[in-house]
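Peer 1: My questions all concern the structure below.
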Amino acid sequence: MFAIEMLPAAHGDALVVEYGKKGEPPHRLLIDCGTYHTWTGVRNRLLARKDSHYDLFVVTHVDEDHIGGSIALLDDPDLRHKIRDIWFNGYVHIDAGSSVLGPLNGEQLTTRIAKGPYRWNDCFPKRRTKGVGGPAVVPSTGPLPAFDLPGGAVAVLLSPSGPKLQLMKDKWEEKIKEAYLGMGDDGHTKSPGLHMKHVAEAAPVVTRADLEAMAKRKQADTSEANGSSIAFVLEFGKKRLLLGADAHADVLAANLARYGERVGETRPRIDLFKLSHHGSGANLTSACLDAMSCRRFLVSASGHNHGHPDDSALARAILGASGPSTFYCNYASPRTQPWVARGTGVGATFTLPKPGREGLRVAV
């Protein structure tokens, strides 16, 4: 058994991965917890599960749509005891000479981690202080970092690169100064409320030529926070799940080539790819798709605030897929619903939640 559930986190990520051998208790990973505003819904879904614990909690980066609910999780007496190991790059992992931890939400999260009984980045080398492991980062040369997880899974790190992580240093300090924070913070800064972004709609029916036009739109993600995202391939049995967080496409493309060297495949097979940055066109390039062989994609986005997924990203994925493609979306939104019909004529299937339901569970 190897499956992922995308919880309803609006424009954020809240993901539960389960894997295990038949007849044995399953193992679980929790990746991000959505926004402050979506935490109640995510919390209810987590409480409804009968999980005894999570083998690993990954907070991919400091953007509020990933970290807002994560702060709330570590404040929650009904859930925080289910966590022991945490992967999260704090300020101490960016500037080894500093004990300041931020920016604003990052500062708030690290306060919770430091006060709790958690193993923080414990498996990563270059340990910072007692109780704080080294940075989750991909070296520029040599093998990709790979870590054995309980139950026989392996996590192979693809992002962030050292340069991308370092770009967060000045931005982190800037955010701390703006918030007048010192060492640690017990508060919880709320995110902006949810709103639907107006996006010009594509035609109800599209052709391959239409897809090619969409795919040519020039976009690039320059966010330092997104560039610092922890992204990795999770291997279990013969299956591979790529969890893209909000990682930059150039880093994913380069390190997928290195991953191919690891597994002995020119274009390494990826069985399921959680699209980076909720299907943003700025985070999915043709080069990234060319670096892998994949035809099944996950979209974690409701269309709120940023209008994701972008038509350009979906077009590139359809064109770059190694065969007929399938997209699994955790919302039937104005951004995803029209693609059910559009995909029919261009070899793409879009699977949405049942009416009245949000979130989706998908087998790898």
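The values are calculated or read from the model by the stated rules, or taken from the named source; none is laboratory data. Bear in mind the structure is a predicted one, so any value in this text is a computation, not a measurement. Here the Cβ positions follow ideal geometry from the backbone for every residue, glycine too, while neighbour counts run over all protein chains shown.
Peer 1: Inside the range 306-329, can you point out the residues that are assigned to a loop (DSSP other than H, G, I, E, B) and more than 15 Å from Met214 (Cα to Cα)?
Peer 2: Those that are assigned to a loop (DSSP other than H, G, I, E, B) and more than 15 Å from Met214 (Cα to Cα): His306, Gly307, Ala321, Ser322, Gly323, Pro324.
Peer 1: Moving to a separate point now. Within the range 264-288, how many residues turn out to be in contact with a strand residue (DSSP E or B) (Cβ under 8 Å, 6 or more places away or on another chain) and assigned to a helix (DSSP H, G or I)?
Peer 2: Counting residues in the range 264-288 that are in contact with a strand residue (DSSP E or B) (Cβ under 8 Å, 6 or more places away or on another chain) and assigned to a helix (DSSP H, G or I) gives 2.
Peer 1: Which residue is surrounded by the fewest Cβ atoms within 10 Å (Cβ to Cβ), if the candidates are limited to the range 1-40 and must be touching a strand residue (DSSP E or B) at 6+ places or on another chain (Cβ under 8 Å) and among the small types (Gly, Ala, Ser)?
Peer 2: Ala3
Peer 1: Do we have Ala215 as in contact (Cβ under 8 Å) with a residue 24 or more places away in the chain, aliphatic (A, V, I, L, M), within 19 Å of Pro139 (Cα to Cα) and crowded, with 20+ Cβ neighbours inside 10 Å here?
Peer 2: Criteria not met by Ala215.
Peer 1: Here's a follow-up. Quick check on this structure: which one of Thr351, Thr326, Thr336 is crowded, with 22+ Cβ neighbours inside 10 Å and of a type in the set (Ser, Thr, Tyr)? Working first, answer last.
Peer 2: Details: Thr351 fails: crowded, with 22+ Cβ neighbours inside 10 Å; Thr326 fails: crowded, with 22+ Cβ neighbours inside 10 Å.
Just a single option satisfies the conditions, and that option is Thr336.
Peer 1: Please work out which residue is farthest from Lys164 (Cα to Cα), limiting yourself to the range 208-255 and to residues that are part of a helix (DSSP H, G or I), touching a Ser or Thr at 6+ places or on another chain (Cβ under 6 Å) and not small (Gly, Ala, Ser).
Peer 2: Applying the filter and picking the extreme gives Met214.
Peer 1: Turning to a different aspect of this structure: Of the conditions (1) at pLDDT 95 or above; (2) surrounded by fewer than 20 Cβ atoms within 10 Å (Cβ to Cβ); (3) more than 20 Å from Asn89 (Cα to Cα), Lys197 fails just one. Which one is it?
Peer 2: (1)
Peer 1: Do you know which of the residues in the range 60-87 that are part of a loop (DSSP other than H, G, I, E, B) and in contact with a strand residue (DSSP E or B) (Cβ under 7 Å, 6 or more places away or on another chain) is modelled with the highest pLDDT?
Peer 2: Keep residues of the range 60-87 that are part of a loop (DSSP other than H, G, I, E, B), which gives 60-63, 76-79, 84.
Checking which are in contact with a strand residue (DSSP E or B) (Cβ under 7 Å, 6 or more places away or on another chain) leaves us with 60, 84.
On the way: Thr60: 96, Arg84: 92.
If we take residues in the range 60-87 being part of a loop (DSSP other than H, G, I, E, B) and in contact with a strand residue (DSSP E or B) (Cβ under 7 Å, 6 or more places away or on another chain), then Thr60 is modelled with the highest pLDDT.
Peer 1: While we're on this one: Inspect the range 28-42 for any residue being under 19 Å from Thr110 (Cβ atoms), part of a helix (DSSP H, G or I) and at pLDDT below 95 and give the result as yes or no.
Peer 2: Among the residues of the range 28-42, at least one is under 19 Å from Thr110 (Cβ atoms), part of a helix (DSSP H, G or I) and at pLDDT below 95, which makes the answer yes.
Peer 1: Now a separate question. I need the full set of residues from the range 104-157 which are surrounded by 13 or more Cβ atoms within 10 Å (Cβ to Cβ) and part of a helix (DSSP H, G or I), in order please.
Peer 2: Answer for the range 104-157, where residues must be surrounded by 13 or more Cβ atoms within 10 Å (Cβ to Cβ) and part of a helix (DSSP H, G or I): Leu104, Asn105, Gly106, Glu107, Gln108, Leu109, Thr110, Thr111, Arg112, Ile113, Ala114.
Peer 1: It is to be established whether one or more residues within the range 292-301 are of a type in the set (D, E, K, R) and either part of a loop (DSSP other than H, G, I, E, B) or surrounded by 24 or more Cβ atoms within 10 Å (Cβ to Cβ) (or both).
Peer 2: Looking through the range 292-301, at least one residue is of a type in the set (D, E, K, R) and either part of a loop (DSSP other than H, G, I, E, B) or surrounded by 24 or more Cβ atoms within 10 Å (Cβ to Cβ) (or both).
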